[in-house]
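Report on one structure; see the data block that follows.
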Amino acid sequence: MCGIAGIIGTNSNERVQEMLNLLKHRGPDAMGIWKSNRELSLGHVRLSINDLTEAGNQPMFSEDGNIVLIANGEIYNYLDLRKELELKGIKFNSNSDSEVIIHAWKTWKYKCFQMFNGMFAFVLFDHENDELIIARDRMGIKPLYYSELNNEFIFSSEIKSIVAVMKSKSEIDPIGLNQYLTYQNYFGQRSLYKGIKLLLPGHYLTIQLDQRKKLEPFCSFNFTKDLNIDFNQAVTKYKKLIGSSVQRHLLSDVPVASYLSAGFDSSTVLNRASINKTPPDSFTGTFQEGGWYDETSTASKIAKYNGSAFNVVNIVPENLPEMMDHLIDTLDEPRMGIGAFSQYCVAKKVAKTHKVILTGHGGDELFSGYPVFKFVNLINKIKKNPFNLYKLISKNFFSELPHMIYFGLNLFRSQTFQQYLPVLNNPIVLQEGLKPEWAKLIQRHHPEDELVELDGNCNNQEDVVLNHYLQAYLNGLLVVEDKISMAHSLESRTPFLDNEMLKLSFSIPQSLKLYNGNLKAIVKEGGKDWLPEILYNEPKRGFPTPLNKWLRGPLKKWFVNKITGEQSGLHTLFESTWLKKTCNHYLNSYKKNIRPLDEIQTHRMWQLLSLESWLRKNNFD
């Protein structure tokens, strides 16, 4: 895990050095720069995980000097690929997976991208063809941003280092702003900075030094659902593949830890990581508010069940004002929800003793863990046989009632916009709140347009929902996870997003994932031989943060000042009267007594707090 940066432009060497100085947190163990005899410079900062010797430092070169590589991430099947390459007579000078990338490129060219099972964003310079090749893993676990402004090409693992060396002042992207205010996220290549793009997952970009460019996919999502098996066979296959995936993700020359909540995904990862090895240390965040916000009771039992040393991170309200600006600076731009703060606090504690952490990201998206999957499945069944309406709804009624109502109320909108992602603000609210010039700018664009563009080969609403949650929602979570972990020089790994797990998920019919009307049925059934019974009595929480209690309690004064104070960055975009009205409404709303409704409006407040910090730091005119 590392940080990479580069420039095709004037004074490239000095500017890349400046970029690397801003990426040191991603790689405190080594730093290197290479400059061509043209205007190209490539830079790398290293967090040593595999092959801790200097042989693994980068930029890395092929023996003939024709290939230069800078890479971020891990190739989990690199030992298998290395053996295959050695059978062809190729000799290696290190035990690094990065050297495998070089020889794989020389041997298989673009085909090698599909062969890599891992998380990566890397850049190759091929002297022979005088071209730069940039690739990002199929799920987008590792981000890579680039800019083509001012007739030059700049790329980096993080936006902040691009902004620092750009020849022009950064500007707000109105389309990105509209997407963020609507969905708390960005889609496709979009960011909140005008002209700075995020390389699409599963794509590579080739750039000639005269700056001719070509963007191509090396893989695509294909929801075949063609696996002809029953539920028990699907569970057996899942158990085999998640076990082997976790073992691959344990490949490391430094100790590996694991995040742990009272949920099935992180519990499964910890359990599979604990077999035949010393169990990883586990880490859980907790809040003094207790109750719904305290997962430590169950998590501690799961840790003990697996023989894992259990670590609790206490998160208190006072942490938020202290960390807010640094958190948003870490993210480069406000993105996704409240959980980023809690993740930040736990990652900070983990990094004091570890360099690698396992996470449960992807389990909900791949195996239908969100109520929206059940909702779409329910609607499809009702359409096929309306007479089953009562039977179908009553079966799911009580536990899923809040979510069913929410998605039901949004059904008309989802049919119109072909999406089911949560919407925080509708266009009417935004037109009322934004200053006239910004209201006019975002009115020109529909925030869902670039979301719908991701649909590709989707043939039905079940595929659309899965696609949106993988390529939009999960992609946002992964970007946030990368930024937060790497801010503390910590590599996070996601066993559920292994290539084999993706292949399995895409081939399983939705009826098996929601077997007997149960969310994430395969994962839950698969864990019955591995996980303690107490886990099956726990509600789904998703690491909830008591922000609502904080903003109306100990942080009320801070919150009001951030939203409505004279120094608030929000005055750049929003009408002052609207900000005061919104703040007062939240503090006194009747919805505060109805948790599902209060969660939505609390997300809106988090969105404004995040945006305030970002606007104030960037000081946009």
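The values are calculated or read from the model by the stated rules, or taken from the named source; none is laboratory data. Treat the numbers as computed from the prediction; the structure is a model and nothing was measured. Ideal geometry is used to build each Cβ from the backbone, glycine not excepted, and the neighbour counts take in all protein chains shown. Just so you know, the surface numbers come from the protein's heavy atoms only, side chains and all, with ligands and any DNA or RNA stripped out. Shrake-Rupley method; radii C 1.70, N 1.55, O 1.52, S 1.80 Å.
Somewhere in the stretch 267-277, is a residue of a type outside the set (F, W, Y), in contact with a strand residue (DSSP E or B) (Cβ under 8 Å, 6 or more places away or on another chain) and surrounded by fewer than 23 Cβ atoms within 10 Å (Cβ to Cβ)? No: the stretch 267-277 contains no residue that is of a type outside the set (F, W, Y), in contact with a strand residue (DSSP E or B) (Cβ under 8 Å, 6 or more places away or on another chain) and surrounded by fewer than 23 Cβ atoms within 10 Å (Cβ to Cβ). Considering only residues that are open to solvent by 30 Å² or more (accessible area, probe 1.4 Å), assigned to a helix (DSSP H, G or I) and not β-branched (V, I, T), which ones fall in the stretch 441-453? Across the stretch 441-453, the qualifying residues are L441, Q443, D449, E450, E453. In this structure, does K355 turn out to be of a type in the set (K, R) and surrounded by fewer than 19 Cβ atoms within 10 Å (Cβ to Cβ)? No.
The condition (being over 28 Å from the mean Cα position of the chain (by Cα), without any contact (Cβ under 8 Å) to a residue 40 or more places away in the chain and either crowded, with 21+ Cβ neighbours inside 10 Å or within 21 Å of A121 (Cβ to Cβ) (or both)) is satisfied by just one residue among S36, S41: S41. Residues satisfying the criterion are absent from the stretch 518-539 (criterion: within 26 Å of the chain's Cα centre (by Cα), among the polar types (S, T, N, Q) and crowded, with 19+ Cβ neighbours inside 10 Å). Helices (runs of 4 or more DSSP H) fully within the stretch 313-411 that include at least 1 residues being at pLDDT 95 or above: 319-331, 339-350, 363-366.
Among the residues here, A55 does not qualify as of a type in the set (G, A, S), crowded, with 21+ Cβ neighbours inside 10 Å and part of a helix (DSSP H, G or I). When the stretch 244-258 is filtered for residues that are out of contact with any strand residue (DSSP E or B) (no Cβ under 9 Å at 6 or more places or on another chain) and buried (at least 18 other Cβ atoms within 10 Å of the Cβ), only S245 remains.
Take S261 and tell me if it is polar (S, T, N, Q), over 30 Å from F559 (Cβ atoms), open to solvent by 10 Å² or more (accessible area, probe 1.4 Å) and touching a strand residue (DSSP E or B) at 6+ places or on another chain (Cβ under 8 Å).
For S261, the condition - polar (S, T, N, Q), over 30 Å from F559 (Cβ atoms), open to solvent by 10 Å² or more (accessible area, probe 1.4 Å) and touching a strand residue (DSSP E or B) at 6+ places or on another chain (Cβ under 8 Å) - is not met.
Taking the numbered list (1) within 30 Å of F116 (Cα to Cα); (2) at pLDDT 95 or above; (3) open to solvent by 10 Å² or more (accessible area, probe 1.4 Å); (4) touching an Asp or Glu at 6+ places or on another chain (Cβ under 7 Å) in turn, L200 passes all entries but (4). For the structure I just gave you, tell me whether R212 is open to solvent by 30 Å² or more (accessible area, probe 1.4 Å), over 25 Å from the mean Cα position of the chain (by Cα) and among the charged types (D, E, K, R). The answer is yes for R212.
Counting only helices (runs of 4 or more DSSP H) wholly contained in the stretch 484-598, the ones carrying 2 or more residues that are small (G, A, S) and either over 29 Å from S610 (Cβ atoms) or at pLDDT 95 or above (or both) occupy 499-507, 521-526.
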